[in-house]
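The values are calculated or read from the model by the stated rules, or taken from the named source; none is laboratory data. This structure is a prediction, so every number in the text was calculated from the model and none was measured. Glycine gets a Cβ as well: all are built from the backbone with ideal geometry, and neighbour counts include every protein chain shown. The protein model used for the area step is the full one, side chains on, heavy atoms only, and it has no ligands, DNA or RNA in it. Shrake-Rupley method; radii C 1.70, N 1.55, O 1.52, S 1.80 Å.
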Amino acid sequence: MLDKIAQIKDSAIRQIESCSDIDQLNQLKVKYLGRKGELTDILRSIGKLSAQERPAVGKLAGEVKALISQRLQEIFSSLEAKQQSPQEFFDITMPGRRPSVGKKHPLTQLIDEIVKIFHGMGFSVAEGPDVETEYYNFDALNTPADHPSRDIQDTFYLENGELLRTHTSPVQIRVMEKQRPPVRIIAPGKCYRRDTPDATHSPNFHHVEGLYVDTDVTMADLKGTLVVFAQQLLGKEVRVRFRPHFFPFTEPSVEWDFSCTACGGKGCNLCKGTGWIEISGAGMVDPAVFEAVGYDSEKYSGYAFGMGVERIAMVKYGINDIRLFYENDLRFIQQF
Ligand code: PHE
């Protein structure tokens, strides 16, 4: 009996050690240690042996079983490791490759910052579609059919009579149609105009619209809000200037400027010697706009403003060509 066990041990170890395949190894495991395995048979029959034979056979059979399972385990592990890394050598001292992490486009970063400042003043974000109807982009904003801003020169019309919005002001109308005053929203988004691209023009650009409607809203509220905004964005020294202007949807209307951050208002290249940088338009919501959305223009007043995101980005970062924002040259984008 002892000889037989020794024989089993020798052949099992030999086969296991020369095995190079996991399936084959599994078969060997069954052959030697399985329920019908050769060694299992012996262990099971120990009870039938004489009292003299029993201790020695039991001890040896137990030891051989332990040895076989240990060798099986070792060969299993090494076969598995080989499967995982086909290359025998893996140089753990080699420096790793750093994954390059993407980030937000500078204009998106700036819009996020603008939104955050207005959040702090109680404004929430509203959105509208890029493809608009003439009604939302013009009519409801008191812009009559013969107004020059409707000119085919300025507006991209689509074949179905819709158009690419020329400003974010239609979002004002969409919000007021759904909501009663008080309204306090900003609407960031893309705008489109048939402009020939140059250093300061792009047919696609970004605006952030603002709208505040309540009882007793005044022009002073408008200016106060824009001053706080400018100072939070660009620093305490920045000043805001209003110049009289005309927009069909505001009355009175202004254009608003930041004092130039590059020269502090003395006049330089960036501000073309004027000391001021034009941001966009603003004004008190025209009563005709309130009528279009069913607000009582005797009871409510409000202000609206727009701002050109690229304009602000150019001032904030001292960039002199708007086209840099759209070329997606990583050398430019990665600086922000
Ligand atoms: N929509 C105007 C423009 O595109 C800006 C503006 C917004 C003016 C709100 C007044 C009020 O230039």
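Of the numbered criteria (1) open to solvent by less than 50 Å² (accessible area, probe 1.4 Å); (2) within 16 Å of the ligand (Cβ to nearest atom); (3) of a type in the set (S, T, N, Q), the one Thr218 fails is (1). Scan the range 194-211 and tell me whether some residue there is within 15 Å of the ligand (Cβ to nearest atom), open to solvent by less than 10 Å² (accessible area, probe 1.4 Å) and of a type in the set (Gly, Ala, Ser). Yes. Candidates in the range 183-192 are the residues that are under 22 Å from Leu110 (Cβ atoms) and in contact (Cβ under 8 Å) with a residue 40 or more places away in the chain; of these, the one that is farthest from the chain's Cα centre (by Cα) is Arg184. Of everything listed in (1) among the charged types (D, E, K, R); (2) within 27 Å of Pro287 (Cβ to Cβ); (3) open to solvent by 70 Å² or more (accessible area, probe 1.4 Å), the single unmet condition for Arg165 is (3). Taken together, Val238, Val227 contain a single residue that is over 26 Å from Asp321 (Cβ atoms) and within 32 Å of the chain's Cα centre (by Cα), which is Val227. For the range 86-108, the set of residues classified as open to solvent by less than 60 Å² (accessible area, probe 1.4 Å) and over 26 Å from Leu163 (Cα atoms) consists of His105, Pro106, listed by residue number. Entry remark, the range 158-173: residues being within 14 Å of the ligand (Cβ to nearest atom) and either in a loop (DSSP other than H, G, I, E, B) or within 28 Å of Asp214 (Cβ to Cβ) (or both) number 9 in total.
Against the list (1) more than 28 Å from the chain's Cα centre (by Cα); (2) at pLDDT below 95, the condition Glu177 fails is (2). Hey, does the range 174-182 have a residue that's of a type outside the set (Ser, Thr, Tyr), within 30 Å of Asn269 (Cα to Cα) and either free of Cβ contacts under 8 Å to residues at least 12 places away in the same chain or open to solvent by 10 Å² or more (accessible area, probe 1.4 Å) (or both)? Checked the range 174-182: no residue is of a type outside the set (Ser, Thr, Tyr), within 30 Å of Asn269 (Cα to Cα) and either free of Cβ contacts under 8 Å to residues at least 12 places away in the same chain or open to solvent by 10 Å² or more (accessible area, probe 1.4 Å) (or both).
Taking each residue of the range 131-155 that is outside the structural domain of Glu177 (by TED's automatic domain parsing) and looking for partners that are at pLDDT below 85 and assigned to a loop (DSSP other than H, G, I, E, B) with beta-carbon atoms closer than 6 Å, six or more apart or interchain, yields nothing.
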